[in-house]
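The values are calculated or read from the model by the stated rules, or taken from the named source; none is laboratory data. The structure displayed is predicted, hence computed values, not measured ones. Here the Cβ positions follow ideal geometry from the backbone for every residue, glycine too, while neighbour counts run over all protein chains shown. Note: accessible area is taken over every heavy atom of the protein model, side chains too, but ligands, DNA and RNA are not part of it. Shrake-Rupley method; radii C 1.70, N 1.55, O 1.52, S 1.80 Å.
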Amino acid sequence: KARIMKKQKMSEFVKFIPGINPTRAKKQYGIDVIEYYDQNAFEYDYGQRYNFIERVSVEMNIPDELALKEGDVVISNSMQLATIVGKENTGRVLPLNFTKVEFVDGNIDKRYFIYIFNEFSDIKRQKEREMQGNGKILRIPIKSLQQLEMPVISLSEQKKMGKAYFESLKLQAKLVTYAKLVREFNDRVLEERILTGAKENEK
């Protein structure tokens, strides 16, 4: 007999916390300068660390509950992808176009959650059904995120799958970097050949 996969709602394991409204933040918290977590920061954390991000360090008096910490899990609402915040982006504040994921107990591995949220075909189908909005930018309301049903397996298996997924992301990033370097090298070689050929024709 085929085994029936156990599925449970995400709300049983995590809380989804919306980012803050930048227009209200200054008034509400009395902070003059706020360094927000943006799409570049997300892509950096997601695994595309070959992109250098110039980050200016700013002294900010941010309340602990607002500042991102290394290891926090965040979702890009526009991309509907999740990642883990790295050391380089700690202290930033999450704006409205991102959602923070808080794990309410130790029954779900962070990296397994991210794999399921980003890649699992059944979750992708569920997310597509829940998309709302006008124009190009579609988002999933937090109420709908809470209702997404995810497969639940043993914690030891979750950790293995989560680790394998993050290793694959690192490899993908390295391959993209390698492809970029090869392309730049080929362009230089071909350009030098053209210049050399042009000089020989002039003789």
Of Arg125, Arg193, Arg92, the one that fluctuates the most in a GNM where the chain has Cα springs shorter than 10 Å: Arg193
Protein-only accessible surface order, largest first, of Tyr37, Tyr29, Tyr44 at 1.4 Å: Tyr29, Tyr44, Tyr37
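Would you compute, from DSSP H runs of 4+ residues alone, the mean residue ellipticity of the chain at 222 nm, taking -39500 (n - 2.57) per run and dividing by the full residue count, rounded to the nearest 500?
Calculated mean residue ellipticity at 222 nm is -14500 deg cm²/dmol.
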Area accessible to solvent at Phe166, 1.4 Å probe radius, in Å²: 40
Extension reserve of the Lys160-Asp105 stretch, reckoned as 0.36 nm per residue once the Cα distance is removed: 17.9 nm
Accessible area, probe 1.4 Å, largest first, for residues Glu35, Glu65, Glu184: Glu65, Glu184, Glu35
Charged-residue dipole, Cβ positions (Lys, Arg, Asp, Glu), the chain about Cα centre, Debye nearest 20: 820
Aspartates and glutamates whose Cα lies under 18 Å from that of Lys160, excluding same-chain neighbours fewer than 8 positions away: Asp109, Glu119
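Can you give the net charge of the other residues whose Cβ lies under 11 Å from the Cβ of Asn97, counting K and R as +1 and D and E as -1?
Net charge in that neighbourhood comes out at 0.
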The stretch 110-203 shape via C-alpha gyration tensor axes, a/c threshold 1.5: oblate
Separation of the Leu138 and Leu81 label points, Cα + 7 Å toward Cβ, nm: 1.8
Candidates Gln28, Gln146, Gln132: whichever shows maximal mean-square fluctuation once the chain is modelled as a Gaussian network with Cα springs under 10 Å: Gln28
Ranked packing of 84-90, 152-158, 73-79, most packed first, by mean Cβ within 10 Å: 73-79, 84-90, 152-158
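Report the extension gain between Lys174 and Lys7 in nm, rounded to one decimal, defined as 0.36 nm multiplied by the number of residues separating them, less their alpha carbon distance.
Extra length from Lys174 to Lys7 when fully extended: 56.7 nm.
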Estimated FRET transfer efficiency (Lys15, Thr196; beta-carbon r; R0 41 Å; 0.05): 0.05
Furthest towards positive pole of dipole, Val93, Val189, Met161, structure part the stretch 76-189, Cβ charges: Val189
Val189 paired with Val33, simple spin-label distance in nm, labels 7 Å along Cα-to-beta-carbon: 4.7
